[in-house]
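**Student:** Let me begin by handing over the structure; questions about it come next.
The values are calculated or read from the model by the stated rules, or taken from the named source; none is laboratory data. Model, not experiment: these values are computed from the prediction. We place every Cβ from the backbone using ideal geometry, glycine too, and count neighbours over all the protein chains shown. Accessible surface is based on the protein model in full, side chains and every heavy atom, while ligands, DNA and RNA are left aside. Shrake-Rupley method; radii C 1.70, N 1.55, O 1.52, S 1.80 Å.
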Amino acid sequence: MDIRIKKTPPAPLEQNIRWQASEFIYHEKTADWFWVVGILSIALIIVSILMKNFLFSIIIGISGFSVLMYGVKKPNKINFSISARGIQVGEKLYLFENLNFFWVDYNPPCKSHLILESKKLLMPHLLIPLAEDIAPEMIREALLPFIKEKKIEEPLSETISKFLKF
């Protein structure tokens, strides 16, 4: 007797879930913040020159300038959506077949994020902000048929950027 188990396809989404959010939380920087970054960069450049590591001093100079420029940058509004194919972030579509797990990190008023774990090595985690008018339960219910749920901690890079007020 041959018993075959049929896998039922995931239930299709009745409609796409769409929202818009800032690409990051903007923190107003004081003059002190810019002074600290500048002084730290100059100090590291001087130390690397004294150690005769000129390439490192150039890298520190470029990095310090980049941090200062990024600190001034205001966030753009990005469109997000969840469909039966995957998760759309701006113009980029992340297919469900390329994602391992998801976690809705909801702790109002501090944070409300969708964290995705990718199968790709160079992009292991994707952090997507949720809008205030989007219910986290709705996001969770929409993703459950397509991806497994697993508690994923906030990436270290996100924790560091919050500490540095990025």
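**Student:** How large is the charge dipole for the chain, taken about the Cα centre, if only the Cβ atoms of Lys, Arg (+1) and Asp, Glu (-1) carry charge, to the nearest 20 debye?
**Tutor:** For the chain, the charge dipole is close to 440 debye.
**Student:** Ordering Leu114, Leu144 by accessible area with a probe of 1.4 Å, largest first, what comes out?
**Tutor:** Sorted descending by solvent-accessible area, the residues read Leu144, Leu114.
**Student:** Then there's this: Remind me, relative contact order of segment 43-166 in percent, using alpha carbon pairs under 8 angstrom and six or more residues apart?
**Tutor:** Over segment 43-166, the number comes to 16 percent.
**Student:** Just read off the accessible area of Tyr26 with the full protein assembly in place, 1.4 Å probe, to the nearest 10 Å².
**Tutor:** Probe radius 1.4 Å; accessible area of Tyr26 about 70 Å².
**Student:** Follow-up. Let's test the formula: R0 of 45 Å, r as the Cβ-Cβ distance of Ala43 and Arg85. What FRET efficiency results, to the nearest 0.05?
**Tutor:** Efficiency for this residue pair is about 0.35.
**Student:** For a quick check of your reading of the filter: which GluC sites (Glu not before Pro) in segment 101-166 sit in a DSSP loop and have no more than 14 other Cβ atoms within 10 Å?
**Tutor:** Sparse-neighbourhood loop GluC sites (Glu not before Pro): Glu132, Glu153.
**Student:** Rounded to the nearest Å, what's the spacing between the alpha carbon centres of segment 132-156 and segment 46-82? Just the number, please.
**Tutor:** 32 Å
**Student:** Starting from the Cα gyration tensor of the chain, multiply each eigenvalue by 5, take the square root, and state the resulting semi-axes largest first in whole Å. Provide the component values of the computation, followed by the final result.
**Tutor:** Details: eigenvalues 339, 78, 32 Å².
Result for the chain: semi-axes of 41, 20, 13 Å.
**Student:** Can you pull the one-decimal nm distance between simple spin-label points at Ser157 and Lys77, each 7 Å off the Cα toward Cβ?
**Tutor:** With each label point 7 Å from Cα toward Cβ, the separation is 2.7 nm.
**Student:** Over segment 24-115, how many pairs of lysines fall under 23 Å by alpha carbon, counting only those 8 or more apart in sequence or from different chains?
**Tutor:** 10
**Student:** Right, here's the next one. Divide by every residue of the chain the summed helix terms, -39500 (n - 2.57) for each DSSP H run of at least 4, and state the resulting mean residue ellipticity at 222 nm, rounded to the nearest 500 deg cm²/dmol.
**Tutor:** Computed ellipticity for the chain at 222 nm equals -10500 deg cm²/dmol.
**Student:** For Arg85, what residues show an amide H to amide H distance below 5 Å, using hydrogens built from the backbone and excluding near sequence neighbours?
**Tutor:** none
**Student:** Under the 0.36 nm per residue contour assumption, what length would be gained going from the current alpha-carbon distance of Arg140 and Ile59 to full extension? Walk me through the intermediate numbers first.
**Tutor:** Numbers: separation 81, 0.36 × 81 = 29.16 nm, distance 4.24 nm.
Here the answer is 24.9 nm.
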